[in-house]
Amino acid sequence: GAGVSQSPSNKVTEKGKDVELRCDPISGHTALYWYRQSLGQGLEFLIYFQGNSAPDKSGLPSDRFSAERTGGSVSTLTIQRTQQEDSAVYLCASSSTTGNTIYFGEGSWLTVV
Amino acid sequence: DQQVKQNSPSLSVQEGRISILNCDYTNSMFDYFLWYKKYPAEGPTFLISISSIKDKNEDGRFTVFLNKSAKHLSLHIVPSQPGDSAVYFCAASDSGTYKYIFGTGTRLKVLA
């Protein structure tokens, strides 16, 4: 596609359930980022994939959070045993190896009730 | 540890005047900086960037200034327009990793 695609756009889940959020980056982009924006907060770095290198997971808030990137393209962010404080918009972005600009998707809005 | 800070959570400016949005960083390894604009319910969109080899970059109504010694950058919008009303984020990285750290954002309101 022309841009970064994220799904689902909205997700309401019950506390304790697992959720998966998907990101399809711009074709050819080797770098992929996940960020989170909680209500009234800034963009919080979660995880960063660059090519075949080991991902930088330093921003994941707890071991309930994990992410994979299969085949160097699509990424899935998984949140296990969701808590109410996980409610936020989860933003995915991608960039090329030579480009310095990162391009964001529209985000996945997660509400944990 | 907030490596990128935007100390003004909000700013109101009259239409036609200059908007100045500020950003400070603490990591001296940061050498590439981006500014993004975000409307409600949308993803952030790229505005302008600057590398540490420059102290100014201009694109139309948008100019970014970088003061490396002060670890400070600012985004100037002139003239400001009502459509500029949004949340503005600065981001910084080192060119070795391109791991971008974002500030907390400044909500700009341009009054007609």
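Based on Cα contacts under 8 Å between residues 6+ apart, chain A shows a relative contact order of 38 percent.
Quick note on chain A: its Rg to Rh ratio, both from C-alpha atoms and Rh being the Kirkwood radius, is 0.95. Rounded to whole numbers, the Karplus 3J(HN,Hα) couplings from phi for region A:101-113 are 9, 9, 10, 9, x, 7, x, 10, 8, 10, 10, 9, 10 Hz, using 6.51 cos²θ - 1.76 cosθ + 1.60 with θ = phi - 60°, and x at Gly and Pro.
When you filter the chymotrypsin sites (Phe, Trp or Tyr not before Pro) in region B:17-64 for DSSP loop state and at most 16 other Cβ atoms inside 10 Å of their Cβ, nothing is left.
Taking every Cα-Cα distance in the protein assembly as shown and sorting them into 10 Å bins from zero, the calculated P(r) comes out as 8, 33, 35, 19, 4, 0 percent.
Any read-out appearing in this document is the output of simple, stated calculations on the displayed coordinates, not a laboratory observation. For clarity, every value in this text was computed on a predicted model and none was experimentally measured. Methodologically, a virtual Cβ is constructed for each residue, glycine included, from the backbone with ideal geometry; neighbour enumeration extends over all protein chains shown.
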